[in-house]
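Below is one structure, written out as structure tokens; the observations come after it.
Please treat every number below as a calculation from the coordinates, not as lab data. Source: prediction; values computed, not measured. Glycine gets a Cβ as well: all are built from the backbone with ideal geometry, and neighbour counts include every protein chain shown.
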Number of protein chains: 2
Amino acid sequence: MERDTPQRRAIREALTRAGRPMSPAEVLDAGKALAAGLGIATVYRNLKLLTESGWLCPVDLPGETTRYEVSGKPHHHHFLCRECDRAFEVAEHCSGNHRFSAPSGFRVEAHEIVLYGVCATCTN
Amino acid sequence: MERDTPQRRAIREALTRAGRPMSPAEVLDAGKALAAGLGIATVYRNLKLLTESGWLCPVDLPGETTRYEVSGKPHHHHFLCRECDRAFEVAEHCSGNHRFSAPSGFRVEAHEIVLYGVCATCTN
DNA sequence: AGGCCGTCGATAATCTATTATCATATCCCA
DNA sequence: TGGGATATGATAATAGATTATCGACGGCCT
């Protein structure tokens with residue numbers, strides 16, 4: 001069965017607190033503050049476990065390494081800061097019902113919107 | 001200076017004919033039909049050169065290896081077929097002026113829309 | 001408290017994509 | 001047409017991300 005370890009707790013806590021998709025390296029950094037000595041292998045192991053259990057959800061952004069975010073959130077998109085390279089959540093807004101048109105014969109089943117720019121922290 | 005070789009011609013021709021973003025491997029396959037013996041190293045070399053010269057434009061899609069498309073096209077987005085893993089161009093349609101909202105303090109400078117589904121060929 | 005077995009950290013190994021190397025071939029100007 | 005600079009193809013090397021290995025540690029059930 002699955003055990004309750006300080007490391008696993010730290011990883012979950014880091015992701016919950018951040019409230020945004022994090023890369024394994026980011027999780028490692030944030031997790032170290034909560035569990036000294038945390039190793040990258042442990043981070044990868046737990047990201048995998050938590051994803052398989054459904055608690056986490058992988059987020060792929062163009063040209064970026066996979067991030068992970070706590071699942072269960074309503075449909076939303078992502079924002080990538082060009083300065084600090086951090087990803088953020090962006091609430092679905094744009095009139096909810098855009099119709100994405102593809103050439104005839106194509107069946108659109110999902111879409112992904114990625115915004116690029118500068119985040120609040122880096123703007124200052 | 002830059003020479004005119006059958007290989008370089010084949011690579012350009014393959015990309016032009018396809019009319020969609022292609023991965024290096026796809027360019028190699030298509031290019032072999034136009035220049036027998038074409039090697040992957042030559043493909044990478046020329047994709048780089050053509051990109052630096054502005055003739056090609058890199059296309060990054062989430063979780064996918066970089067594709068390349070002939071540049072100079074009007075603003076558009078991309079469609080990725082879940083069956084054959086090929087990328088296609090999709091004309092900008094959705095009323096042109098969506099406003100993408102990000103949290104206050106965030107500056108949105110660009111956006112990317114990726115559609116997922118099944119292409120016309122794979123639907124049949 | 002004892003002990004089993006999941007977990008950890010360090011690091012080696014792997015994997016995929018891309019670039020470098022180098023001997024050979026070839027384009028193109030003189 | 002001759003010859004040198006550029007290009008090519010096979011393959012080795014590199015780079016970055018992720019996974020496997022393995023001895024030691026430590027939750028947690030009894």
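Just a few scattered comments:
- Near the amide H of B:Val90, within less than 5 Å, lie the amide hydrogens of B:His77, B:His78, B:Phe79, all on another chain or at least 5 residues away, with H placed in the peptide plane.
- Estimated distance in nm for a label pair at A:His76 and B:Val108, the labels positioned 7 Å out from Cα along Cα-to-Cβ: 1.5 nm
- Chain A: relative contact order in percent, alpha carbon pairs under 8 Å with at least 6 residues between: 22 percent
- ³J(HN,Hα), Karplus 6.51/-1.76/1.60, whole Hz, each residue of the stretch A:64-78, x for Gly, Pro: 10, 6, 4, 9, 9, 10, 4, 7, x, 7, x, 3, 7, 10, 10
- Here the protein assembly as shown is assigned +1 on the Cβ of each Lys and Arg and -1 on the Cβ of each Asp and Glu. Its dipole about the Cα centre then comes out at about 180 debye.
- Other-chain or far-sequence residues with amide H under 5 Å of A:Ser23's (modelled H): A:Tyr68
- Among A:Arg45, A:Arg12, A:Arg20, the largest mean-square fluctuation in a Gaussian network model of chain A (Cα springs under 10 Å) belongs to A:Arg45.
- Globularity ratio of chain A, using Cα Rg and 2.2 N^0.38 Å: 1.21
- Max mean-square fluctuation residue, GNM over chain A, Cα-Cα springs under 10 Å, options A:Val70, A:Val114, A:Val43: A:Val114
- Sequence-ordered 3J(HN,Hα) estimates for the stretch A:41-46 from the Karplus curve with 6.51, -1.76 and 1.60 and θ = phi - 60° stand at 5, 5, 4, 4, 4, 6 Hz, glycine and proline given as x.
- Long-range amide H partners of A:Leu56 with built H, under 5 Å: A:Thr51, A:Ser71
- Using the Karplus relation 6.51 cos²θ - 1.76 cosθ + 1.60 with θ = phi - 60°, the per-residue 3J(HN,Hα) values for the stretch B:20-35 come to 8, x, 10, 7, x, 5, 5, 5, 4, 4, 5, x, 4, 5, 9, 8 Hz, with x marking Gly and Pro.
- Cross-link partners of B:Lys73 among lysines, defined as those whose alpha carbon lies under 29 angstrom from its own and excluding same-chain residues fewer than eight positions apart: B:Lys32, B:Lys48.
- Net +/- balance of residues flanking A:Val70 in space, Cβ distance below 12 Å, scoring K and R +1, D and E -1: +2
- Legend: calculated FRET efficiency, B:Thr51 to A:Glu83, from the Cβ-Cβ distance at R0 = 25 Å, rounded to 0.05, equals 0.55.
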